[in-house]
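Okay, so here's the structure we're looking at.
The values are calculated or read from the model by the stated rules, or taken from the named source; none is laboratory data. In this text, all values refer to a predicted model and were calculated from it rather than measured experimentally. Heads up, the Cβs are rebuilt from the backbone with ideal geometry, glycines too, and the neighbour counts pull from every protein chain shown. In case anyone asks, the SASA skips ligands and DNA or RNA and just uses the protein heavy atoms, side chains included. Shrake-Rupley method; radii C 1.70, N 1.55, O 1.52, S 1.80 Å.
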Amino acid sequence: MRLAGVAVLLGAMFPGMALAQAQDAEHMKLSTGLPISIEDAAKIEKGSVDVKMRGYYDRLKENGGRNLFTLDPEFEVGVADGLALKLSPAYRLGNAEDAQQGDLELKAEYNILAPTQGRLGLSIEPVVALPYGSGGKTTEAGASLRVTQPLGTSDTAPRLHVNLGWRHLFDPAPDERDNRFLKAAGVNVAVAPVTAVAFDVVREESKEDGKARNFVEAGVRHMLAEKLAVGAGVGVGFGPDSPRYRVLVGVQKSF
């Protein structure tokens, strides 16, 4: 009731902004770092362009360097209705083992079903990750499946999300996995005409054999202006191989 009251009050104070956001519900979109790890199966329009600047900080448990910063920009272009091409040259900094190296990710997201009018949304995304920087890393390839189910017919209805990912590592080291899997489930809810909160649980199998990272995350996505979004989230790790915590921040500009 309190969240609903806040949304009504903001809508009364800023009626024009509330109307614009009710039409496109940009604050209800989800992608990694905006605000947490879970991603949605959103509609893709031909000619759309998105630029995302994202950063993550992981506080690790293991001996040695425990600070890992990841810079993860992404450029996305809708080349057809339902199809987008993406480029993400992520790079890692800090004193952790995986620092001073990155991955150039090439992706193609295909939206099979758009989550509109209460209908299920479904997307698939093949990916190739080419390593660069220090170290002897090898190429990875894989795919992700994203499912979004709105809990109502409104564009601002709460949404449930499930992400399943698979990655294959070419020429792995003796202590590395050939194949690893990523799983996440979450929900996002509008709390104001331009603001939504999101929660998820994430399990990421590590490249190192026998290890996995687990998180519970929460975050906020807010529209600063039309087609300009910011996101911030925090995650708490659980399990022996997980970081103690992580912080996610991002900015997204759509054209």
| note | Per the list (1) in contact with a helix residue (DSSP H, G or I) (Cβ under 8 Å, 6 or more places away or on another chain); (2) of a type in the set (A, V, I, L, M, F, W, C); (3) over 23 Å from Glu74 (Cα atoms), residue check on Ala229 breaks on (3)
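Residue by residue through segment 202-216, note down the ones that are among the small types (Gly, Ala, Ser) and either touching a strand residue (DSSP E or B) at 6+ places or on another chain (Cβ under 9 Å) or touching a residue at least 12 places away in the same chain (Cβ under 8 Å) (or both). Break it down stepwise before answering.
Here is the first cut: in segment 202-216, the ones among the small types (Gly, Ala, Ser) are 206, 210, 212.
Residues satisfying the conditions are Ser206, Ala212.
Just one of Ala99, Ala129 is surrounded by 15 or more Cβ atoms within 10 Å (Cβ to Cβ) and assigned to a strand (DSSP E or B); which is it? So that I can check it myself, show each step before the final result.
Working: Ala99 fails: assigned to a strand (DSSP E or B).
That would be Ala129, the only listed residue that is surrounded by 15 or more Cβ atoms within 10 Å (Cβ to Cβ) and assigned to a strand (DSSP E or B).
Gly94 - would you say it is open to solvent by less than 50 Å² (accessible area, probe 1.4 Å), under 24 Å from Ala196 (Cα atoms) and touching a residue at least 12 places away in the same chain (Cβ under 8 Å)?
In short, no.
Listed here are the residues, each with its yes/no results for (1) buried (at least 21 other Cβ atoms within 10 Å of the Cβ); (2) under 16 Å from Lys227 (Cα atoms).
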| site | (1), (2) |
| --- | --- |
| His27 | yes, yes |
| Leu30 | yes, yes |
| Gly33 | yes, no |
| Met53 | no, yes |
| Arg59 | no, no |
| Asn67 | no, no |
| Gly78 | no, yes |
| field | Scan of segment 109-122 for residues that are open to solvent by 30 Å² or more (accessible area, probe 1.4 Å) and either of a type in the set (Ser, Thr, Tyr) or within 13 Å of Ala143 (Cα to Cα) (or both), ordered by number | value | Tyr110, Thr116
